[in-house]
Amino acid sequence: MRDLLKEPPDVVAAERSRVANEGWGAQLLELQTPDGQWGGGTYYPKWTSTINTLMLLRDLGVDPTHPKVRDAVELVRAKVVHDTPDQPFFGGETEVCVNGRVLVLGEYFDVPDSDSLAGWLLTQQLDDGGWNCEAPPSIRSSFHSVICALDGLAEFERRHGASAEITAARQRGQEYLLDRKLFRKRSTDEIIDEKWTRFSFPTRWHYDVLWGLDYLRSVGAEPDERAAAAIELVESKRDADGRWALDHFHPGQAHFDLDEGEGRPSKWITLRALRVLDWYHASR
């Protein structure tokens, strides 16, 4: 309704208010236990743990101001801690991929405890413009870490407004992706990892080309010729009925099925592909 049909904000808000009370959103909120957790853990088991469930609620567009959501988030804030180090959930831990996602959640759900993670991510940015969960000793960025960090910094700016320092860091990270055409080696133009050409939902922490493009769309980036090969990949996957299939589901536990399975048409992939193509072609 928002991204494809361009419905008025009040119409979108009315529909969004239903997520906490009906369907998957309501089911997820009901699965929270009195200790604030989902799945019995903060990060594990995958993919029913607290961090992954909160990310899915965000993907579903749950209204962060809804009373049921506020109660759930406050319970997490009061009771859930990370295993390493032993500190409050929204304070983050030691890996870029985790802290980028915690920052996303803290900003989306309007939790003040997470604000410091934006500054922490700035200190972790590498000379090539990206991030890596294994830095140090690694001095080369990882696409997985880059997209998680970028998502977190973008969510921070949506909540607090643009910051010169954070915008500059995001733009450096975006250049890291674009310099590699979102999935190719700079030196040889070879595909870095074939798995990145297979589209997933939920993405979890795993980078893929569609996630990279959808991030650029979400921050209003100017379409860049360096993204053309990635756009062609998206277009090539459209079937005769105008839909896209779920290419890959990351192995692990799930609360319930969000699609009909690998190789079957996916509403989630179709939505994300359509809005990426709208962004890229309309702006050009």
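The values are calculated or read from the model by the stated rules, or taken from the named source; none is laboratory data. Please read these numbers as outputs of a predicted model, since none were measured by experiment. Because the Cβ atoms are built from the backbone with ideal geometry, glycine has one as well, and the counts that use them run over all protein chains shown.
Pick from the stretch 212-260 the residues that are aromatic (Phe, Trp, Tyr) and in contact with a Phe, Trp or Tyr (Cβ under 8 Å, 6 or more places away or on another chain): which of them is surrounded by the most Cβ atoms within 10 Å (Cβ to Cβ)?
Top of the filtered list is Trp244.
Please find, within the stretch 56-87, the residue that is surrounded by the most Cβ atoms within 10 Å (Cβ to Cβ) out of those that are modelled with pLDDT under 95 and touching a strand residue (DSSP E or B) at 6+ places or on another chain (Cβ under 9 Å).
Going through the qualifying residues, I end up with His82.
Do any residues in the stretch 230-242 that are closer than 17 Å to Tyr215 by Cα have Cβ atoms under 7 Å from those of residues that are crowded, with 19+ Cβ neighbours inside 10 Å and of a type in the set (Lys, Arg), where the two are at least six apart or on different chains, and which pairs are they?
Here the result reads Ala230/Lys181, each pair linking the stretch 230-242 to a residue that is crowded, with 19+ Cβ neighbours inside 10 Å and of a type in the set (Lys, Arg).
With the requirement that a residue be in a loop (DSSP other than H, G, I, E, B), within 16 Å of Lys68 (Cα to Cα) and out of contact with any helix residue (DSSP H, G or I) (no Cβ under 9 Å at 6 or more places or on another chain), what does the stretch 7-32 give you?
Those that are in a loop (DSSP other than H, G, I, E, B), within 16 Å of Lys68 (Cα to Cα) and out of contact with any helix residue (DSSP H, G or I) (no Cβ under 9 Å at 6 or more places or on another chain): Ser17, Glu22.
Taking into account only those residues within the stretch 264-277 that are of a type outside the set (A, V, I, L, M) and in contact with a Leu (Cβ under 7 Å, 6 or more places away or on another chain), which is surrounded by the fewest Cβ atoms within 10 Å (Cβ to Cβ)?
Among those that are of a type outside the set (A, V, I, L, M) and in contact with a Leu (Cβ under 7 Å, 6 or more places away or on another chain), it is Arg264.
List every residue pair whose Cβ atoms sit under 7 Å apart, with the two residues 6 or more apart in sequence or on different chains, where the first one lies in the stretch 64-83 and is without any contact (Cβ under 8 Å) to a residue 60 or more places away in the chain and under 14 Å from Ser114 (Cα atoms) and the second, anywhere, is surrounded by 17 or more Cβ atoms within 10 Å (Cβ to Cβ) and of a type in the set (A, V, I, L, M).
Listed pairs, sorted by first residue: Val73/Val111; Arg77/Val111.
List, please: which pairs have Cβ atoms under 6 Å, are six or more places apart or on different chains, and start with a residue in the stretch 26-48 that is over 16 Å from Val73 (Cβ atoms) and end with one that is of a type in the set (A, V, I, L, M) and assigned to a loop (DSSP other than H, G, I, E, B)?
Sorted first by the residue in the stretch 26-48, then by its partner, the pairs are Trp47/Ala254.
Are any residues in the stretch 246-272 of a type in the set (S, T, N, Q), in a loop (DSSP other than H, G, I, E, B) and over 17 Å from Leu54 (Cα atoms), and if so, which ones?
Ser266
Filter the stretch 120-171 down to residues that are of a type in the set (S, T, N, Q) and more than 21 Å from Asp224 (Cβ to Cβ) and give me whichever is nearest to the chain's Cα centre (by Cα).
That would be Ser145.
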